[in-house]
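S.K.: One structure coming up, written as structure tokens, with questions to follow.
The values are calculated or read from the model by the stated rules, or taken from the named source; none is laboratory data. The structure displayed is predicted, hence computed values, not measured ones. Heads up, the Cβs are rebuilt from the backbone with ideal geometry, glycines too, and the neighbour counts pull from every protein chain shown. Accessible surface areas use protein heavy atoms only, side chains included; no ligands, DNA or RNA. Shrake-Rupley method; radii C 1.70, N 1.55, O 1.52, S 1.80 Å.
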Amino acid sequence: MTEAQGQHTGPQPLRASPHLESAFEVLGRKWNAVIIDVLAQRPARFGELRAAVAGISDRMLSGRLRELVDAGLVTHTRLPPGPTAYAVTADGKALALALGQVCAWSQRRTAMPACAESGTGH
């Protein structure tokens, strides 16, 4: 007998969103969202990123940039005479917009500066 026929089947089981799980495989790694936010402002060289992301080591930044490139969120291009510039891809830009909402949520909860001062644009 179905619920429509009068038998109560109980609440539907809860399910985590596989899309959120997939997103947080990248975003859940420390620094990745912050790097996306910084690069949403403009392309940057490694040293500029290191200066913009307080507290990150060269090794950690290098690893996180590699992950973001592999995820299709960041590109890297060699500039003459040799430094590499990093930039967000179209997917990275879309993610930065979504991160703007997270920034706005955080701003409402804290006394930190407005999100408009960061790369999120919010």
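S.K.: Against the definition (surrounded by fewer than 16 Cβ atoms within 10 Å (Cβ to Cβ), part of a helix (DSSP H, G or I) and of a type in the set (Val, Ile, Thr)), how does Val69 come out, yes or no? Spell out how you get there, then give the answer.
M.R.: Numbers: surrounded by fewer than 16 Cβ atoms within 10 Å (Cβ to Cβ): yes; part of a helix (DSSP H, G or I): yes; of a type in the set (Val, Ile, Thr): yes.
In short, yes.
S.K.: Give me the pairs: first residue in segment 26-42 and touching a residue at least 12 places away in the same chain (Cβ under 8 Å), second residue surrounded by fewer than 20 Cβ atoms within 10 Å (Cβ to Cβ) and among the acidic types (Asp, Glu), beta-carbon distance under 9 Å, and six or more apart or on different chains, which are they?
M.R.: Filtered contacts from segment 26-42: Val26/Glu67; Arg29/Glu67; Asn32/Glu67; Val38/Glu48.
S.K.: In this structure, is Gly10 out of contact with any Leu (no Cβ under 6 Å at 6 or more places or on another chain), open to solvent by less than 30 Å² (accessible area, probe 1.4 Å) and free of Cβ contacts under 8 Å to residues at least 12 places away in the same chain? Before the answer, list the steps.
M.R.: Details: out of contact with any Leu (no Cβ under 6 Å at 6 or more places or on another chain): yes; open to solvent by less than 30 Å² (accessible area, probe 1.4 Å): yes; free of Cβ contacts under 8 Å to residues at least 12 places away in the same chain: yes.
Yes; evaluated as a whole, the condition is true for this residue.
S.K.: If we scan segment 51-63, do we find a residue that is open to solvent by less than 70 Å² (accessible area, probe 1.4 Å), part of a helix (DSSP H, G or I), in contact with a helix residue (DSSP H, G or I) (Cβ under 6 Å, 6 or more places away or on another chain) and over 25 Å from Ala114 (Cβ atoms)?
M.R.: Yes, some residue in segment 51-63 is open to solvent by less than 70 Å² (accessible area, probe 1.4 Å), part of a helix (DSSP H, G or I), in contact with a helix residue (DSSP H, G or I) (Cβ under 6 Å, 6 or more places away or on another chain) and over 25 Å from Ala114 (Cβ atoms).
S.K.: What's the total number of residues in segment 13-29 that are part of a loop (DSSP other than H, G, I, E, B), over 10 Å from the mean Cα position of the chain (by Cα) and not small (Gly, Ala, Ser)?
M.R.: 3
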